[in-house]
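The values are calculated or read from the model by the stated rules, or taken from the named source; none is laboratory data. None of the values given here were measured: they were computed from a predicted structure. FYI the Cβ positions are ideal-geometry reconstructions off the backbone, even for glycines, and counts take in every protein chain you see.
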Ligand SMILES: Cc1cc2nc3c(=O)[nH]c(=O)nc-3n(C[C@H](O)[C@H](O)[C@H](O)COP(=O)(O)OP(=O)(O)OC[C@H]3O[C@@H](n4cnc5c(N)ncnc54)[C@H](O)[C@@H]3O)c2cc1C
């Protein structure tokens, strides 16, 4: 198979579909082809938001994005998720935290709308095309998938990062651009569980608790977030934990997590509560000390980890210092992070093509005719719809600017 087109978009995910739509909308007469290695486009979209697709957030600002690229500069100049999808006939709804979903709460609504829009504009999808090399420069590029090839005048690279490789994203295109001389910002899993010593987690597996997560590097507080914390046999998980994962790259893997398991209580209130329990449950064993505050296994874990004494002892035997130490662990249960979980468990990629290789149009500053969008670029958003908003916005900007760069040029 040998195909010729004006614009080839590599990767048919969220940013690739947006880029193709924007390019065709800007210049309806040009030919746009999406080259996707999987058997269908939009595979990852179907899995987002637990199948409900959290496609954006009403509260968009700089602090939710991390990396060398100024994501908000692009986002401010493109439609927000509500308008972007309204244009495709998709109704949206939002929750109390500003997270935007399709009103159907089905990710299929989103992928379907994008595919219909592409079809109505005449974008051609070529699936099963695994771009394994790119040759050429400025006006004439050729991308290869084994013996098949697509030649084009412009390239938009939307091949994602390394996260969740089951959806076709294994970073192979990033490696290709590293070989072409592009600077690649340090790559680590983001929006991912954090690995901690399994020995320290013993007894916690399967527990979920509402609390606050604080991330520290040495003594410096890096970030804090409240939400549901989940414990596995070797990691801390939950969205509030995911949002701390990007700090690993920034702080050379030295990260300490402190969980506040009763964030709505002050230290004084907690000490008073513990003293009351010592008085009212004094005749019972230590096993019952915290069962009024936490599920049984978590209650036992805190007492065991703090006191390292037989649980058969009576609650009345607890000293003031014992109560103080227990309160301290409830307000700051400490875990030293050993790393982030494997790519299979990550939802996004920290790092990628560095801002120094990209101009304001999301075009390459090293090679004329190449544009980039989505997770392949060095920016990552927090959980809450920020990554998909980036994908729609950067795809729209790259597609539009790419098509504009062709206008007026002779074919
Ligand atoms: C389980 C899960 C849930 C998530 N939930 C949310 C959520 O609710 N809200 C949110 O904002 N974000 C969410 N994300 C993150 C979000 O899905 C991604 O950040 C976003 O999809 C990135 O878009 P993209 O177009 O850059 O890359 P992708 O969507 O990853 O698309 C890249 C495409 O490129 C293709 N490709 C890669 N290499 C090649 C190649 N060599 N040749 C041809 N094609 C290639 C891939 O097959 C893939 O289809 C979630 C991620 C995961 C894994």
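The table below lists the values:
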| read-out | value |
| --- | --- |
| Flag if residue 300 is out of contact with any strand residue (DSSP E or B) (no Cβ under 9 Å at 6 or more places or on another chain) and surrounded by 17 or more Cβ atoms within 10 Å (Cβ to Cβ) | yes |
| Sole residue being at pLDDT 95 or above and within 15 Å of the ligand (Cβ to nearest atom), chosen from 54, 31 | 54 |
| Odd one out for residue 120, checked against (1) touching a residue at least 24 places away in the same chain (Cβ under 8 Å); (2) exposed (fewer than 15 other Cβ atoms within 10 Å of the Cβ) | (1) |
| Filter pass, residue 52 being under 22 Å from the mean Cα position of the chain (by Cα) and closer than 24 Å to residue 352 by Cβ | no |
| Positions within segment 374-394 being more than 12 Å from the chain's Cα centre (by Cα) and near the ligand (Cβ under 7 Å from one of its atoms), in sequence order | 376 |
| Residue that is nearest to the ligand (Cβ to nearest atom) [pool: residues in segment 158-189 that are part of a loop (DSSP other than H, G, I, E, B) and out of contact with any strand residue (DSSP E or B) (no Cβ under 9 Å at 6 or more places or on another chain)] | 170 |
| Odd one out for residue 335 among (1) assigned to a strand (DSSP E or B); (2) within 12 Å of the chain's Cα centre (by Cα); (3) modelled with pLDDT of 95 or more | (2) |
| Matching residues in segment 1-28 - criterion: being touching a helix residue (DSSP H, G or I) at 6+ places or on another chain (Cβ under 7 Å) and within 10 Å of the ligand (Cβ to nearest atom) | 9, 10, 13, 14, 15, 16, 17, 18, 19 |
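Every residue, every condition in (1) touching a helix residue (DSSP H, G or I) at 6+ places or on another chain (Cβ under 8 Å); (2) closer than 30 Å to residue 209 by Cβ, yes or no:
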{"residue": "303", "(1), (2)": "yes, yes"}
{"residue": "308", "(1), (2)": "no, yes"}
{"residue": "316", "(1), (2)": "yes, yes"}
{"residue": "361", "(1), (2)": "yes, no"}
{"residue": "378", "(1), (2)": "yes, no"}
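Results for (1) free of Cβ contacts under 8 Å to residues at least 12 places away in the same chain; (2) more than 15 Å from the ligand (Cβ to nearest atom); (3) farther than 15 Å from residue 67 by Cβ; (4) assigned to a helix (DSSP H, G or I), shown as yes or no for each residue.
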| site | (1), (2), (3), (4) |
| --- | --- |
| 322 | no, yes, yes, yes |
| 325 | no, yes, yes, yes |
| 330 | no, yes, yes, yes |
| 356 | no, yes, no, yes |
| 371 | no, no, yes, no |
| 403 | no, yes, yes, yes |
